[in-house]
Amino acid sequence: MAIPVIGAIIKAAAGIKNIPVEIRQNHTDPIRAQRRELRKLLTKAQFTEFGKFYHFDDILLSRNIVEEFRKRVPVFDYNKMNGGTSTCKASVTSPGQAKSSILL
């Protein structure tokens with residue numbers, strides 16, 4: 001009878017590491033989490049062709065990066081932009097494979 005209990009505890013503990021950092025640290029403000037994610041993505045992509053074209057470095061230096069991003073970067077259909085493929089060429093839209101998306 002103790003083995004199922006121990007198994008349940010181990011399973012629950014393993015699941016904790018998959019919880020987003022904001023929730024684990026009681027930072028549950030979704031707006032703040034989205035701003036952090038945008039900053040992280042812009043920082044990572046600022047040296048790509050796309051990042052250079054839309055001046056991600058300047059966006060990162062602005063007082064309100066969300067507003068500046070909205071002003072400078074138009075909405076794209078990702079599949080049309082990449083010729084209908086789900087992967088992107090290195091250094092064009094991301095430093096490698098696209099792994100995350102953000103909705104603003």
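Computed from the coordinates by the stated procedures, all read-outs in this text should not be read as laboratory data. Just so we're clear, the structure is a prediction, and the values are computed from it rather than from any experiment. As a convention, Cβ positions derive from the backbone with ideal geometry for all residues, glycine included, and neighbour counts pool all protein chains shown.
Both radii come from the Cα set of segment 29-81: Rg as radius of gyration, Rh as Kirkwood radius; their ratio Rg/Rh reads 0.97. Label separation (ASP57 vs GLN34): 2.9 nm, computed from points 7 Å beyond Cα along the C-beta direction.
How would VAL75, VAL5 line up from fewest to most surrounding beta-carbon atoms within 10 angstrom?
Values: VAL75 6, VAL5 9.
Result, fewest neighbours first: VAL75, VAL5.
For the residues THR48, THR43, what sequence is obtained by ranking on other C-beta atoms within 10 Å, fewest first? Walk me through the intermediate numbers first.
Working: THR48 20, THR43 13.
Final ranking by Cβ density, sparse to dense: THR43, THR48.
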